[in-house]
Each structure stands twice: as structure tokens, then as C-alpha cells.
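Undergrad: Shown below is the structure under consideration.
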Amino acid sequence: MALNDPNWGRRGGDGPPDLDELWNRMRQRLSPLFGGRGGGRGGPGAGEGKQFPFGVLVLIGLVFLIWVASGFYIVDASQRGVVLRFGKYVQTTEPGPQWHLPYPIESVEIVNLSQVRTVEVGYRTNVRNKVLKESLMLTDDENIIDIQFAVQYILRDPTEYLFNSRDPDDAVMQAAETSIREVVGKSKMDFVLYEGREQVAANAQTLMQSILDRYKAGVSISRVTMQQAQPPEQVQAAFDDAVKANQDRERQKNEGQAYANDVVPKARGTAARLTQESEGYRQRVIANAEGEASRFRQIMTEYSRAPAVTRERLYLDAMQQVYTNTTKIIVDQKSGSNVLFLPLDKLLQLGTSGAVASADTDSVGAAEAQPSAAPAADPRSREAFRNREREARP
């Protein structure tokens, strides 16, 4: 059917329904709401509108009630409501059912204070998804490390959180990155990678909280977690070699310290023993010297009283000491005995001073036993020989 067909749009045609007919049907359905009578265009009651203002008032009343009811809202126990009037802060409402002037006069922002929010620095979602612009940092010893960490925080003041920062979450992220860069920049690489990771995180949290407090961001940092800290991938192999060298150095130092702990006490014990032995030797020598001096003084006293007797005694003592340590056998040929049987071969084989002294005593006893049978007045006897030697001495 063409568009210029005069039957287009009529009920008898094949096109869409007539618009006038649709409008009449709508008027018939809405007219009871406004107090009018049903009917088509030009029909009875079409010009009567006495009850039309009452229906409008009812409709306006319903719209007004709906508008007023839209101002009711409920605040949970972990939330706070911030009421704004034409965009300006009015008040902060506590948990429970609340009401404010409906939009567009007033609006409310519901802020959750107990929700733990997280900001990731150096990575996104997974530590493998690194953001090198954020993760690469310079240490105090001019080394570069790759570090990723997460910051967890909660809201402390909803008013400061909403109005003092245009983007509070971005402010927290910038403060976190600034803090961790400052802490890492004041630390050595080994300290950050190994023994000082917890301390670095704690220092960064303290510095981050102080920065946010100066900004009045209304945020409280609850925890800073260091996810990963390592050298850059480009120098990972060289760093591993350096770590192995440091471990070997520590191992050798420990071995040397263990050897020193074993040797030094022994050396100190030996030195102490030698010191004690030398001290004992010194005390012994001093005691012997003092004893010899005392003995010499006693001998001098006795010699001044009886010189001859003392001289004789000293001579006999000296001969006894000399003959005690010798291995020679002295036989008196003038003893009066022509045959003398002595075990000379056995006496020479003993070789000890004690055995020689014992054999010498036995020989002298045997030699003295035979002259006893001789006459006492024999001038060749041993006693006569000793008497002559004593008389010959001055």
C-alpha cells in the first residue's frame, strides 16, 4: 500500500490503527480519574470538566507523597550518612532510619566505615601482573629492587573522606608509593630483601599515616603487607651469584670461628699449664736455694765448732755421692786376700746406680769378711790404709 493512499491508517485498511482512535480510547480510560465522563470525541459529556481540578489535586497529592517518601533512608550499624543540601554539607547521621529533604533539595551519601579497602602498589590483582613504573625503587646503596606491596585501610571520618580529597583512593595510593620509596631509599638492599622486610613495612605504614593525617583524608591505615621484594629480572642471575658468594663467605667465617673456638681454648690451657709449671719450678728452685743456704749456714756453724770433724764428714759425703753414681769396681789389693771372687760381669751388665751401689756394698762386705780372719795388727788391712790416709791429710 502506498503512503499517499487515502485509506491508509483506517481500520478497514491493512496499515497501522488510526491515531485518533487510540487517543479517544486513552481519554476514555483516564477520564474517570479526573471526574469526567467517558465518550468519544464530540460525544456527550465531552465538554464538561467540573471535576477535573479535583483529580489533578489528587494526582499532585500522590506525587507529593511519593516525593516526600523518597527522603527516607536507613543507615546500617557500620555506615554513616552524610546529608548534603544543594551540594553543601549539613550533617552526619547515625545508624538507624533517617529522613532528609527529598531530591533535589537534599541528598545523602552513605559511607561504610568498617569496610576494609585495599590499594595495590607495583602490581594489579596478581604479583605477576607487575607495574614496573611503581615497583622499581632505588635503595640507599644505589641498587634497584622490584617490590610490590598492598595497603589496607578503613575510613575514619566520612566528612573528611568525601570533601577534603577529590579522589581519596588515589590520594592513599600516592601516599603509599611516596612512603615506601622514602623508606626503601634510606635502607640497604640486603636489609630490604631479607632481614628488614617487616621493619620496612612498619616504617612505611607510620610515614603513610602521617602524610594522610596532614592531608586530612579521613583514612586510617590498618596494615601494609609486602607481597614480594626481589632484584630486577634483568640482573637476577648476577644477584643469585652474589648471594651464593655471600653465603660461602659466611660459611667460611663460621668454619674459621669454629676452628678458633677449638684451638684458642687449648692454647690458653697450654699457656696456663706452662705458666703454672714455671711458677712451680721457680718456687722449687727458690726453696732449694733457701734450703742449701740454710744448710750451708748450719755447716759453717758446726765447722767453726769442730773443723776436723766437719771436714772429715764433708769428705765422706762427697765420696759417697761420687761412688754412688759410678760403675767402676774398686778392689783393694792390699787387703790381704790373694783370690777375690766377684760377679764383675753381672755388675757391669746392670748399669744402674742403685744396682751398682748394692753390688759395691756386697763386695765391700765380702772383702771385709776375709781380712777379719787376719791378725788385727796387720799393717796391710783396710783400716790401717784409711788411718794412714787420714793422717796424711792436713
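The values are calculated or read from the model by the stated rules, or taken from the named source; none is laboratory data. No experiment lies behind these values; they were computed from the predicted model shown. Methodologically, a virtual Cβ is constructed for each residue, glycine included, from the backbone with ideal geometry; neighbour enumeration extends over all protein chains shown. Protein only, heavy atoms only, side chains kept; ligands, DNA and RNA dropped before computing areas. Shrake-Rupley method; radii C 1.70, N 1.55, O 1.52, S 1.80 Å.
Undergrad: Using a 1.4 Å probe and counting only protein heavy atoms, arrange Tyr89, Tyr259 so the residue with the most accessible area comes first.
TA: On the way: Tyr89 90, Tyr259 155 Å².
Highest to lowest solvent-accessible surface, that is Tyr259, Tyr89.
Undergrad: Let me ask something else about it. Would you give the gap between the C-alpha center of region 152-219 and the C-alpha center of region 102-144, rounded to a whole Å?
TA: Going from one Cα centre to the other spans 10 Å.
Undergrad: While we're looking at this one, here's another question. If each residue of separation counts as 0.36 nm, what is the full-extension length gain between Lys188 and Glu250 once their alpha-carbon separation is subtracted? Write down the numbers at each step before the final one.
TA: On the way: separation 62, 0.36 × 62 = 22.32 nm, distance 1.85 nm.
Extending this stretch completely gives an extra 20.5 nm.
Undergrad: Which pairs, out of Lys88/Lys216; Lys133/Lys244; Lys130/Lys216; Lys188/Lys216; Lys133/Lys188, put more than 24 Å between their alpha-carbon atoms?
TA: Numbers: Lys88/Lys216 18 Å; Lys133/Lys244 29 Å; Lys130/Lys216 30 Å; Lys188/Lys216 32 Å; Lys133/Lys188 21 Å.
In this structure, Lys133/Lys244; Lys130/Lys216; Lys188/Lys216 exceed 24 Å between Cα atoms.
Undergrad: Follow-up question, since we're still on this one. So, counting K/R as plus one and D/E as minus one, what does the shell of residues with Cβ under 14 Å around Val116 add up to? Provide the component values of the computation, followed by the final result.
TA: Working: positive: Arg117, Arg156, Arg223; negative: Glu120, Asp169.
After counting each charged neighbour, the total is +1.
Undergrad: With label points built 7 Å along Cα→Cβ from the Cα atoms of Asn112 and Arg27, find their separation and express it in nm.
TA: 5.4
Undergrad: Report the Stokes-Einstein translational diffusion coefficient (µm² s⁻¹, integer) for region 147-294, Rh taken as the Kirkwood radius over Cα pairs, at 25 °C with viscosity 0.890 mPa s.
TA: Working: Rh = 21.1 Å.
Answer, rounded: 117 µm²/s.
Undergrad: In nanometres, what is the gap between the two model label sites at Phe296 and Ala272, each 7 Å from Cα along Cα-to-Cβ?
TA: The modelled label-to-label distance comes out at 3.9 nm.
Undergrad: Can I ask one more? Could you tell me which chymotrypsin sites (Phe, Trp or Tyr not before Pro) in region 160-246 are loop residues by DSSP with no more than 11 other beta carbons within 10 angstrom of their beta carbon?
TA: Numbers: sites: Tyr161, Phe163, Phe191, Tyr194, Tyr215, Phe239; in loops: Tyr194.
Hits after loop and neighbour filter: Tyr194.
Undergrad: Mind putting a number on the dipole of region 188-331 about its Cα centre? Charges go on the C-beta only, +1 for Lys and Arg and -1 for Asp and Glu, and I need it in Debye to the nearest 20.
TA: Details: 20 positive and 18 negative charges, 132 e Å.
About 640 debye.
Undergrad: What number comes out for the charge environment of Gln98, summing +1 per Lys or Arg and -1 per Asp or Glu over other residues with Cβ under 13 Å away? The partial results should precede the final answer.
TA: Details: positive: Arg80; negative: Asp76, Glu94, Glu106, Glu109.
Value of the local net charge: -3.
Undergrad: Dipole magnitude of region 130-246 about its Cα centre, charges +1 at Lys/Arg Cβ and -1 at Asp/Glu Cβ only, in debye to the nearest 20? Don't skip to the answer; put the middle values down first.
TA: Working: 12 positive and 19 negative charges, 63 e Å.
With only Lys, Arg, Asp and Glu charged at Cβ, the dipole is about 300 debye.
Undergrad: Please report the relative contact order for region 162-316, taking Cα pairs under 8 Å with a sequence separation of at least 6, and give it as a percent rounded to a whole number.
TA: Numbers: 53 pairs, mean separation 22.9, N = 155.
Over region 162-316, the number comes to 15 percent.
Undergrad: While we're looking at this one, here's another question. Please work out the Cα center distance from region 228-256 to region 262-294, rounded to the nearest Å.
TA: Each part reduced to its Cα centre gives a spacing of 51 Å.
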